[in-house]
Ligand code: GA4
């Protein structure tokens, strides 16, 4: 057997088979957020895929466009200037290293804290007024979308309190994180049939994540428990929503957190914004009582978001983080 080494530029970054047209998934559920049928459609999508696309969300294209151009401008700076906005942990600029346990991807990013509806003042990055105000405008808007999605979800699940899920995020201490990812093209791999891993496979730990990209493909989701990876057709005008591990537990497994990853494009740069809606650290993550049938027990041992988050940061990206909390 001939073992080929990674080309030096992607040394240490796992390679993936380049997606082809046949990998494109035409079945992404589309939810019209302005429709009365949204609640039912969201629940259905969360049960089937843990993933859906949101249209008619009301966020002006200009809000998304401004944040995108400011992000492009930030990432176009000299490396030394970007490094001054680092390190990524707890918050700031990072490049290639993801998390604290050795995961690597072909990307650079900003990891930012959100307080209430804007970037946290304790987070000095981004430092320029134009970038900061563009991101603040975007964060305020995407957070509203997340709240509407969580309210529709509660309605679709038949929970009397419409704010049962959304208030976990908007209440005091809600742990909201915002991420700006830039996946530069990787021309060294062009024509080789493989692509660099941009962001390796994982599930998100929070309740939901709301993503918007610049229209460059790369996002893939796993179907049938990871048996098949499919490419999500990009759409710069829409948001994509992922179910996270905490929502899986809150619904006692009725919704599944979706495994996803990003494959780098060899020619086009991808810029994405992801808003992660997490609860306060002390929030207990247990199935909502109204979702448990009589006599039905939680599939998970009880934990708080703070405990889960702490445990998550000790894991590798691709680990099954919920496994240690499953009752056997
Ligand atoms: C995945 C979802 C979010 O991007 C994130 C990621 C976090 C990080 O990049 O620092 C983690 C990852 C994410 C889950 C497991 C741990 C923590 C990297 C990693 C290996 C910001 C988050 O909240 O969890």
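The values are calculated or read from the model by the stated rules, or taken from the named source; none is laboratory data. A quick note: this is a predicted structure, and the numbers were derived from the prediction, not measured. Please note: Cβ atoms are built from the backbone with ideal geometry, for glycine as well, and neighbour counts cover all protein chains shown.
Restricting to the stretch 308-328, and then to whatever is over 29 Å from residue 197 (Cα atoms) and modelled with pLDDT of 95 or more, can you tell me which residue is surrounded by the most Cβ atoms within 10 Å (Cβ to Cβ)?
Per the stated criteria, the residue is 326.
Every residue, every condition in (1) within 16 Å of the ligand (Cβ to nearest atom); (2) in contact with a helix residue (DSSP H, G or I) (Cβ under 9 Å, 6 or more places away or on another chain); (3) free of Cβ contacts under 8 Å to residues at least 60 places away in the same chain, yes or no:
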position: 230; (1), (2), (3): no, yes, no
position: 260; (1), (2), (3): yes, no, no
position: 273; (1), (2), (3): yes, yes, no
position: 285; (1), (2), (3): yes, yes, yes
position: 294; (1), (2), (3): no, no, yes
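Can residue 135 be described as in contact (Cβ under 8 Å) with a residue 24 or more places away in the chain, outside any loop (DSSP other than H, G, I, E, B) and within 25 Å of residue 291 (Cα to Cα)?
Taking the combined requirement at face value, the residue does not satisfy it.
Report the residue count in the stretch 198-224 for those that are more than 12 Å from the ligand (Cβ to nearest atom), in contact (Cβ under 8 Å) with a residue 12 or more places away in the chain and not in a strand (DSSP E or B).
5
Return a yes/no flag: does the stretch 165-177 have any residue that is modelled with pLDDT of 95 or more and farther than 17 Å from residue 280 by Cβ.
No, the conditions are met nowhere in the stretch 165-177.
When you scan the stretch 145-169, how many residues do you find that are part of a helix (DSSP H, G or I) and in contact (Cβ under 8 Å) with a residue 40 or more places away in the chain?
Counting residues in the stretch 145-169 that are part of a helix (DSSP H, G or I) and in contact (Cβ under 8 Å) with a residue 40 or more places away in the chain gives 11.
Each row is one residue, and each column tells you yes or no for (1) at pLDDT 95 or above; (2) closer than 20 Å to residue 220 by Cβ; (3) not in a loop (DSSP other than H, G, I, E, B).
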position	(1), (2), (3)
28	yes, yes, no
34	yes, no, no
39	yes, no, yes
43	yes, no, yes
46	yes, yes, yes
54	yes, yes, yes
59	yes, no, no
62	yes, no, yes
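Scanning the stretch 245-298 for residues that are over 22 Å from the mean Cα position of the chain (by Cα) and not in a loop (DSSP other than H, G, I, E, B), which turns out surrounded by the fewest Cβ atoms within 10 Å (Cβ to Cβ)?
Out of the qualifying residues, it is 289.
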